[in-house]
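Here's the structure we're looking at; comments come further down.
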Amino acid sequence: MNYQKLKGTVDLLPEETRKWQFIEDKARDLMRAYQFNEIRTPMFEQLELFARGVGETSDIVTKEMYDFRDKGDRHIALRPEGTAGVVRAYVENKLYGPEFHKPTKLFYMGPMFRYERPQSGRQRQFHQIGVEVFGSRNPSVDVETMVLGMDLFKQFGITDLKLVINSLGSTETRQTYREELIAYLEPHLNELSKDSQVRLYKNPLRVLDSKDKKDKEIVKDAPSILDYLDEASKAHFEAVKGMLEELDIPYIIDTNMVRGLDYYNDTIFEVITTNPKFGANATVCAGGRYDGLVEEVGGPSTPAFGFGCGLERLVLLLEHMDFDYPELNPLDAYIVTMGDRADRAANKLAQVLRQNGLSVEREFMNRKAGKQFKTADKLNADYVFTLGDQEIDNGIVQVKRLSTGIQTEVSLTELALRFDETYSSLIRSTEKGEE
RNA sequence: GCGAUUGUGGCGAAGUGGUUAACGCACCGGGUUGUGGUCCCGGCAUUCGUGGGUUCGAUCCCCAUCAGUCGCCCCA
């Protein structure tokens, strides 16, 4: 029997993990700059939490949840997104208490799970980095968070992005608008695509961003949700737009943009890549305001704003632009060995060098010296330490700096006893001399 | 859940209903018996995702299945 990984999962091999580590490090730095602190919540929760948070009608619940019964017959689901778990933790740990700074700004990073067909930028286990801000209705929160979402990409030099915003208004607004939209679309029922005919009653807002050509034509003259906003929502949206302009952040209003999750109100946004190499899944970051969810999950009425970014899509984006990742694990020294005595002596030498902060690899395969040098060269080692019977008899090691080709002898005991002096003089003596 | 397409050594990639499955890269060994990006020589698939079927004979044709890729639904 040959085992293979489950559909929609990947093995990230060292060549890939070095990219991921770099991205994660940069992302954490950025979060610090914005004063967001990390929260880690479980990767599985009661199914009910997600069902409630995400919205019963959503396909995420009906067909994309990775759920199972545990030995205690609890109905469990692997988290399909990050917000519900963070909100649960916020409520359960009473982070809304008076001793916590307001607003509370949290970020998370980790795997999410959805049972769906894999395709470009989409897997069953995928990774998101996301943020949640609790406790403020200030439109500045919306703006700061959206700007952070943009910055997440900009810090890697990604420029082909657009920020798309919309407002969903209040629950009442969406209810009224929903009815108006159905009223508008119903006369066209037979002209709509099959998918959209199903959507019409289940989730009419989804008809608005249909990919079908004919649907788009019909939808063009549909009423805009922005015309149904109440005074408060209107003022909020105007404030958000004004603040973005003051920051010189270009944005596009797309009144047809909707949300897959039910808990959003007022501002919603997406960061979309315009990179031509990107396929169907060009949204790299999406989020918005969800003022009702904390209360829905059992906490005090608390306004909130957040987003989630797909890390696979970020990696893909960087791949498309041939991003040059820095070497995360450079090799300081490679130890060449010749013979059994050298093999043993290399253990000791490697430890001395490592204890003094160097990154060291050594020969294990007992190949010929020439082959070992070739390997050291391929691994881009700064120095090659060569040990053979002659060296061991004399208590020394040959050290060659590959970039200059200059080789010198160093005493093994000096290296062990006075590493700093010995090593810096070694560096000096292998530098390219003045001709 | 639906559709399209692909599946040959570690990787990339030819190939044909018939007997020895090209080639390139990587790797290993040697030429150079202790010193690195060159060159030369040699090695490296009883086997063509898996299971059936058609056939005298299948990597090639058919069916099923698994997996990859891309798209739809949905969504980051």
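The values are calculated or read from the model by the stated rules, or taken from the named source; none is laboratory data. Everything quoted here is computed from the prediction, not taken from an experiment. A quick note on method: Cβ atoms are made from the backbone with ideal geometry, for glycine too, and the neighbour counts reach across all protein chains shown. Accessible surface is based on the protein model in full, side chains and every heavy atom, while ligands, DNA and RNA are left aside. Shrake-Rupley method; radii C 1.70, N 1.55, O 1.52, S 1.80 Å.
Structure above, values below:
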| item | result |
| --- | --- |
| Segment A:162-201-segment A:334-406 distance, computed between alpha-carbon centres (Å) | 69 |
| GNM top mover of A:201, A:325, A:423 - chain A, alpha-carbon springs below 10 Å | A:423 |
| Vicinal HN-Hα couplings computed from phi for segment A:266-273 (Karplus, 6.51 cos²θ - 1.76 cosθ + 1.60; Hz; Gly/Pro x) | 6, 4, 10, 8, 9, 9, 10, 7 |
| Links that overshoot a 23 Å alpha carbon limit, given the list A:374/A:432; A:5/A:378; A:19/A:400 | A:5/A:378; A:19/A:400 |
| Residue A:179-residue A:64 pseudo-label distance in nm [points 7 Å out on the Cα-to-Cβ vector] | 3.0 |
| Sites residue A:252 and residue A:343, calculated FRET efficiency, Cβ-Cβ separation with R0 51 Å, nearest 0.05 | 0.20 |
| Order by protection proxy (mean Cβ within 10 Å, highest first), peptides A:275-281, A:179-185 | A:179-185, A:275-281 |
| Extension gain (nm, one decimal) between residue A:11 and residue A:189, 0.36 nm per residue minus Cα-Cα | 59.5 nm |
| Fully extended contour minus Cα-Cα distance, from residue A:327 to residue A:214, at 0.36 nm per residue | 35.7 nm |
| Hydrodynamic radius (Kirkwood) for segment A:113-157, which is based on Cα pairs only, to one decimal in Å | 13.1 |
| Computed log₁₀ I(q)/I(0) - Debye formula, equal Cα scatterers, no solvent, segment A:170-228, q 0.17 Å⁻¹ | -0.48 |
| Ratio of the Cα radius of gyration of segment A:238-321 to 2.2 N^0.38 Å, where N counts its residues | 1.28 |
| Straight-distance crosslink candidates among lysines, where the alpha carbon sits under 16 Å from residue A:102 and sequence neighbours closer than 8 are dropped | A:94 |
| Stokes-Einstein D (µm²/s) once Rh is taken as the Kirkwood radius of segment A:119-202 over alpha-carbon pairs, at 25 °C in 0.890 mPa s | 143 |
| Counting DSSP beta bridges with both ends in segment A:333-429, the antiparallel % (nearest 5) | 55 |
| Accessible surface of chain A [probe 1.4 Å, protein heavy atoms]: carbon and sulfur percent | 49 |
| Accessible solvent surface per residue of segment A:275-319, calculated while the other protein chains remain in place, 1.4 angstrom probe, Å² | 30 |
| Kyte-Doolittle mean at least 0.0, axial Cα span of 20 Å or more - DSSP H helices of chain A | A:139-154 |
| Local electrostatic count at residue A:212 - Lys and Arg +1, Asp and Glu -1, tallied over other residues with Cβ under 12 Å | +2 |
| Linear extension gain, residue A:281 paired with residue A:119, 0.36 nm per residue minus alpha-carbon span | 57.4 nm |
| Cβ-Cβ FRET estimate between residue A:46 and residue A:352, R0 fixed at 41 Å, reported to 0.05 | 0.15 |
| Descending semi-axes in Å of chain A, equivalent ellipsoid built from Cα gyration tensor | 56, 23, 22 |
| Distance from segment A:213-227 to segment A:1-26 (C-alpha centre basis), Å | 41 |
| Helix-only [θ]222 nm of chain A, DSSP H runs n ≥ 4, -39500 (n - 2.57) each, per residue, nearest 500 | -11500 deg cm²/dmol |
| Proximal charge balance of residue A:343 [Cβ under 10 Å; K/R count +1, D/E count -1] | +1 |
| For peptides A:231-240, A:282-291, sequence by mean Cβ density within 10 Å, most packed first | A:282-291, A:231-240 |
| Rounded Å value of the spacing that divides the Cα centres of segment A:127-159 and segment A:240-296 | 10 |
| Cα Rg, Dmax (largest Cα-Cα span) when computed across segment A:333-429, Å | 12.1, 32 |
| Share antiparallel - DSSP beta bridges, chain A, percent rounded to 5 | 80 |
| Rough spin-label spacing in nm, given labels placed 7 Å along Cα→Cβ, for residue A:75 and residue A:425 | 7.6 |
| Charge context of residue A:76, other residues only, Cβ under 11 angstrom, K/R +1, D/E -1 | -1 |
| Mean projected area (nm²) of the alpha-carbon convex hull when segment A:1-114 is viewed from all directions | 10.5 |
